[in-house]
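*Asks:* Just dropping this structure here.
Every number here is computed from the coordinates shown, using simple stated rules; none is lab data. Everything quoted here is computed from the prediction, not taken from an experiment. Note that we place each Cβ from the backbone using ideal geometry, even for glycine, and neighbour counts take in every protein chain shown.
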Amino acid sequence: MEAFVPGENLPPTFKIPKPDIADFGNERGMYPGLCAFFDEVFKKSGCAYLSAYSSDDYVDQVALGLVDEGADDKRRPNFAGRHTGTPKARATTTDAEHGPINLEVGDAPDEVDSGSDAGDPLSLVSRTAWAWAELLVEVNTPNKTSSPWGTRSLDDLEHQLAEGQIIHHIREVFSRQHRIFVFIIDVCGPTARLCLFDRAGAIVSALFDYVDDPATLATFLYRFTKMSRAQRGHDPTATLATDAEEAHFRTLWKTVGSDPDSAITRGLKKAATPGWSVYALDIFSPWSERDTFLDAEDTKGPTHHRCLVGRPAYVGASMLGKGTRCFVAWSDAEQSVVFIKDSWRVMSEDAPSEFDNYQLLYRSLGTDVYKFYPTVRAGGDVAYQPLQNTGDPALSEHPSRGGRYYATARSAPQETCSLGDALHLAVPRRRSRLVLQQVCGTLEDFKHPPELVFAMMVALMAHSLAWSEAKLLHGDISPGNILIYEPPERETEYFLSDWDLARTVDQLQCRRRSQLPHPGTWQFTSGLLQRYLHKPYELADELEAFVHVLNWCALKYLRHSLSGPENSALLSQTFHDFYDGWTVPGSTSVKFLWMRVGFLIVEDLDDAACNPLSVLLGQLAAMCKKHYETKIAELEPPAVQHASTLGPRIASFGGAADHGQCVSSAKQPPSPAPTTSVTVPAISPLSSHEEMVGAFCAPFSVGECGEAPMWPADFVKVKDQVPVSAAHASWVTHE
């Protein structure tokens, strides 16, 4: 309490109310007494902007904040302390059955509202509104074992569900609001715990009895009402936009975007989604001139840019870790659209920030940086001025491992509160931001198959330059990190972005000594890394990731042997087995087996015999097969160098009518016979970029006949054939 909820104790004249709980054996029977207790403490504290609402009946109608926008998510907190100090906040206290709830700020309703079909009396019923939640409350009955804290068996489903529900609530608040941390009260019958969640983990109080001794809970609520926005966990560099700013921002997609299908127009339209609040981010940083990559060593002085943002273009699905959110933003100073990336980086000398890595690329590559990477305009660690220093508007420079950041004098960086535990599952983190000039689409936005291959070719060249000139490995090759930029009056450009997990050779050596997990997105992690837990992370693993990205996009967006409605179940199962399915680390995955024997993941493309992509996929499969032969010889003793037996049979890509038929007639990769003598290729084809870059360039190179290979005229991109699968941050290791 003293460390994380600063403030005075209850004054002597404060009469602590006693919670009047009608029925501890029924969660809904506990709501009225709890809501009344909260509201009475708020009122006695002189708080005019917080009210307690039961939100257990009605979900938030605003578009989901997390990655899976098509999900039918009906989870909501039991009740919450909500901000009701503005008309916009009060307008969200609406339920579909009863219409707007008339609320005088600070006053409890005159009558009890039944609020639900079940007829339970509730102090105040409201639709869930994650954007305005200040304090969450999760309620459980004492006869249930579903509190997520304390010792429990691994197979205790109730505990796991309770923990997952709380984490879901925290993730939604993180995605809807600009937060450093969030408070939640976990109630279990007559007892409760106070919890603070941030991107590094959670801090949980000891269990206390709030019925027999309500002073602890009343003191927390009293202090909570007196705390500043920053003390309650809000990002002090983000404030709600003015009415004029919001109105302007919500119409930008109609006035700024010249092409309705452009990334800028689509991004601004999504940012203006109704129900999502518009914020102004105050960014103090050195800013480069337009079309100029920021050189932090030469840029003179910081400038203040006020950037308007709405619904994020991207939200990482995990509560822990980087917590990446990306915004298509409007710079008020420049009157132009920019792209802002907000994330929490690991605080470690061996873990440079993304800003550091971009600066390393700029110093190592010079003007070549413009050809292969998005233009960094500003960035560094986020700093803010504590409330008590608001009288000093001066700007000053502050050193930081995340690049130099600028803010008001006596500013402090935003860092997580929770610390790592004995298992090192959580590490301290610091917030950082990047401002990029280009607003781009991702690799999945390719228009036709040649563009898919060309974009990956450019990304591979960018990767090769970073390795050869800066000895930097990217760390997370995935479709979302290969960008397509379509400027209005120039040719399309392609970039390799998101260098936040990138490490140099020396830094990778430090990771090996500390035995940290490998970075990257699980779907595109090499089969060798998944199979051999202590295998060093190396260049070949990232080159294999490029192969998986190409196969992944081809399976989703090109016609092949598994296309068509008759094969949809088999295609989904294949996708799950090869990419989305979780494999126990250290076991033999389907990906490992197929890479080892050189099987084609995508077969029978249009005009396969002369299709340049079919040729490329065959070459890449052969490279991976040779590489696996080389590495397995190094990683396993000769006596065990043979393929493991497949568990469930993996259906072939022969195009059978249904999944059951394919399983019964499955074609399996041949298992090499056990041997004590293995012929090992002298050098792996993935030990350098040369062979793979050559293979990607071949479809666009003039051959001996004086012409480049011809792409089939009817070989086109089709609608996503596996829409339920997406490459997203829930698969990224929490670094």
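*Asks:* For Lys625, list the lysines whose Cα falls under 27 Å from its own Cα; do not include residues on the same chain fewer than 8 positions away.
*Replies:* Cross-link targets: Lys471, Lys535, Lys556, Lys591, Lys667.
*Asks:* Dipole size in debye (nearest 20) for region 430-582 around its Cα centre, Lys and Arg Cβ +1, Asp and Glu Cβ -1?
*Replies:* Details: 14 positive and 19 negative charges, 141 e Å.
Using Cβ point charges on Lys, Arg, Asp and Glu, region 430-582 gives about 680 debye.
*Asks:* Please sort by residue number the chymotrypsin sites (Phe, Trp or Tyr not before Pro) in region 538-641 whose DSSP state is loop and whose Cβ has at most 16 other Cβ atoms within 10 Å.
*Replies:* Trp582
*Asks:* Further question: Along the charge dipole of region 281-387, pointing to its positive end and built from +1/-1 on Cβ of Lys, Arg, Asp and Glu, which listed residue (Ile340, Pro352, Met319) has its Cα farthest out?
*Replies:* Ranked along the dipole, the leading option is Met319.
*Asks:* Search the structure for amide H atoms under 5 Å from the amide H of Thr303, placed 1.01 Å from N in the peptide plane, and list their residues when 5 or more places away or on another chain.
*Replies:* For Thr303, whose amide H was placed from the backbone, the distant partners under 5 Å are Ser285, Trp287.
*Asks:* Further question: Does region 305-376 come out rounded, prolate or oblate, given a ≥ b ≥ c as the square roots of the eigenvalues of its C-alpha gyration tensor, rounded meaning a/c under 1.5 and, failing that, prolate meaning a/b above b/c?
*Replies:* Verdict is oblate for region 305-376.
*Asks:* Run the dipole for region 187-335 about the Cα centre, Lys and Arg Cβ at +1, Asp and Glu Cβ at -1, nothing else charged, and hand back the magnitude in debye, nearest 20. Write out the running numbers ahead of the final one.
*Replies:* Numbers: 17 positive and 18 negative charges, 91 e Å.
Dipole size: approximately 440 debye.
*Asks:* For region 447-578, what does the alpha-carbon gyration tensor say about shape, rounded, prolate or oblate, given a ≥ b ≥ c as the root eigenvalues, a/c under 1.5 as rounded, and a/b over b/c as prolate?
*Replies:* oblate
*Asks:* Continuing with the same structure: Identify, among Pro374, Ser285, Pro274, the residue whose Cα sits farthest towards the positive end of the charge dipole of region 273-387, taking +1 on the Cβ of Lys and Arg and -1 on the Cβ of Asp and Glu, with the dipole about the Cα centre.
*Replies:* Selected residue: Pro274.
*Asks:* Let me ask you something else. Two decimals, Cα atoms only, Kirkwood Rh: what is Rg/Rh over region 229-287?
*Replies:* Using only Cα positions, Rg/Rh for region 229-287 is 1.06.
*Asks:* Can you work out the Karplus-derived ³J(HN,Hα) for every residue in region 443-451? Use 6.51 cos²θ - 1.76 cosθ + 1.60 with θ = phi - 60°, whole Hz, and x for glycine or proline.
*Replies:* 4, 5, 8, 4, 8, 7, x, x, 5
*Asks:* What whole number of Å gives the distance from the Cα centroid of region 1-56 to the Cα centroid of region 262-326?
*Replies:* 37 Å
*Asks:* Under 5 Å between amide hydrogens, which residues at least 5 positions from Thr521 or on another chain qualify, with H placed 1.01 Å from N in the peptide plane?
*Replies:* Ile477
*Asks:* Then there is this: What list of ³J(HN,Hα) couplings, whole Hz, do you get for region 333-349 from phi and the Karplus terms 6.51, -1.76, 1.60, once you set θ to phi - 60° and write x for glycine and proline?
*Replies:* Using θ = phi - 60°, the values come out as 5, 9, 6, 8, 8, 10, 10, 10, 10, 10, 7, 10, 8, 5, 8, 7, 5 Hz.
*Asks:* Okay, moving on. Give me, ordered by chain and number, the residues 5 or more places off Leu50 or on other chains with an amide H under 5 Å from its own placed amide H.
*Replies:* Thr84
*Asks:* Sticking with this structure for a sec: With a ≥ b ≥ c taken as the square roots of the eigenvalues of the C-alpha gyration tensor of region 182-260, please select rounded if a/c is under 1.5 and otherwise prolate if a/b is larger than b/c or oblate if it is not?
*Replies:* prolate
*Asks:* Still on this model: Please give me, ordered by residue number, the GluC sites (Glu not before Pro) of region 1-46 that lie in loop per DSSP and have at most 16 other Cβ atoms within 10 Å.
*Replies:* Glu2, Glu8
*Asks:* Spelling out what I want: for every residue of region 35-45, take phi, set θ = phi - 60°, compute 6.51 cos²θ - 1.76 cosθ + 1.60 (Karplus), and round to whole Hz; glycine and proline get x.
*Replies:* Calculated HN-Hα couplings, in order: 4, 5, 4, 4, 5, 5, 5, 4, 5, 5, 7 Hz.
*Asks:* Taking the dipole about the Cα centre of region 508-637, with the C-beta of Lys and Arg at +1 and of Asp and Glu at -1, give me whichever of Cys610, Pro565, Phe578 is farthest to the positive side.
*Replies:* Farthest towards the positive pole: Phe578.
*Asks:* Restricting attention to region 236-302, which GluC sites (Glu not before Pro) occupy a DSSP loop and are surrounded by at most 12 other Cβ atoms within 10 Å?
*Replies:* Those satisfying the criteria are Glu289, Glu297.
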